[in-house]
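Notes to accompany the following structure.
The values are calculated or read from the model by the stated rules, or taken from the named source; none is laboratory data. No experiment lies behind these values; they were computed from the predicted model shown. Methodologically, a virtual Cβ is constructed for each residue, glycine included, from the backbone with ideal geometry; neighbour enumeration extends over all protein chains shown.
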Amino acid sequence: MKKLQLNLVLLAMICSTLLSFKCQSSKNSSTTASNEILSSTKSEKNKLNNMDTTKIVKTDEEWKKILTDEEYNVLREAGTERPFTGKYTDVKADGNYYCKACGNLLFTSETKYHSGCGWPAFYDNAGNSAVEMRSDNSYGMQRIEVLCKKCGSHLGHIFEDGPKDKTGLRYCINSISLDFKEDSTKVK
Ligand SMILES: [Zn+2]
């Protein structure tokens, strides 16, 4: 009987060692992937004529004056609009998408695609001055947050399940963070 107990203890020890090793290795690989996204987007060449890098800094009170409660919740408190409720999810028109908070050019319709995820999806941003990334470990998930590079407002998250024939990236963006201007102002 004692021998059986000893065997069980040994088995439990081996299992827990294996499990912790597996956790460690999967954690490492996902961190590496995240770092690759962060560094690749930082080293992107400028694709559009969006070179204004002036930062916009406002207090919470100032943001509250120019944003609705819903916009403030998403843009300044990193909230998320409910899927399939945003006004730009299925928009296919030609034009540009600007930051709702500061007007910075973020995305163009040329890189917008239908992902079926319930939010507007883009496979690329509109150039070096458009967005920046930050690790986001909230809600027990390892994600990469997408922020407006000029005003630091929260836009959404970036994932690696985008179109493989393009960048392979999916910028999953809240409609409420965007301001779409059709064709006439399109930057070529
Ligand atoms: Zn902005």
Of all residues in segment 165-184, which are hydrophobic (A, V, I, L, M, F, W, C), assigned to a strand (DSSP E or B) and either more than 13 Å from the ligand (Cβ to nearest atom) or surrounded by fewer than 20 Cβ atoms within 10 Å (Cβ to Cβ) (or both)? C172, F180
For the list (1) under 15 Å from the mean Cα position of the chain (by Cα); (2) at negative phi, I need the number of the one condition that G118 fails. (2)
Please tell me if D165 is modelled with pLDDT of 95 or more and among the acidic types (D, E). yes
Closer than 19 Å to T53 by Cβ, basic (K, R) and within 16 Å of the ligand (Cβ to nearest atom) - does that describe any residue in segment 129-136? yes
Could you say which residue among Y72, Y97 is within 16 Å of the ligand (Cβ to nearest atom), touching a Lys or Arg at 6+ places or on another chain (Cβ under 7 Å) and modelled with pLDDT of 95 or more? Y72
Can you go through V187, V91 and tell me which one is among the aliphatic types (A, V, I, L, M), at pLDDT below 95 and over 15 Å from the mean Cα position of the chain (by Cα)? V187
Unmet criterion (only one of (1) within 21 Å of R82 (Cβ to Cβ); (2) assigned to a strand (DSSP E or B)) for I144: (1)
The residue from G162, G140, G86 that alone is without any contact (Cβ under 8 Å) to a residue 24 or more places away in the chain, away from the ligand (no atom under 16 Å from the Cβ) and not charged (D, E, K, R) is G140
Quick check, is K55 at pLDDT below 65 and either surrounded by fewer than 10 Cβ atoms within 10 Å (Cβ to Cβ) or in a loop (DSSP other than H, G, I, E, B) (or both)? no
Exactly one condition in (1) within 15 Å of the ligand (Cβ to nearest atom); (2) within 16 Å of the chain's Cα centre (by Cα); (3) modelled with pLDDT of 95 or more is false for C102; which is it? (2)
Single condition C117 does not satisfy, out of (1) within 17 Å of E81 (Cα to Cα); (2) surrounded by fewer than 17 Cβ atoms within 10 Å (Cβ to Cβ); (3) within 16 Å of the ligand (Cβ to nearest atom): (3)
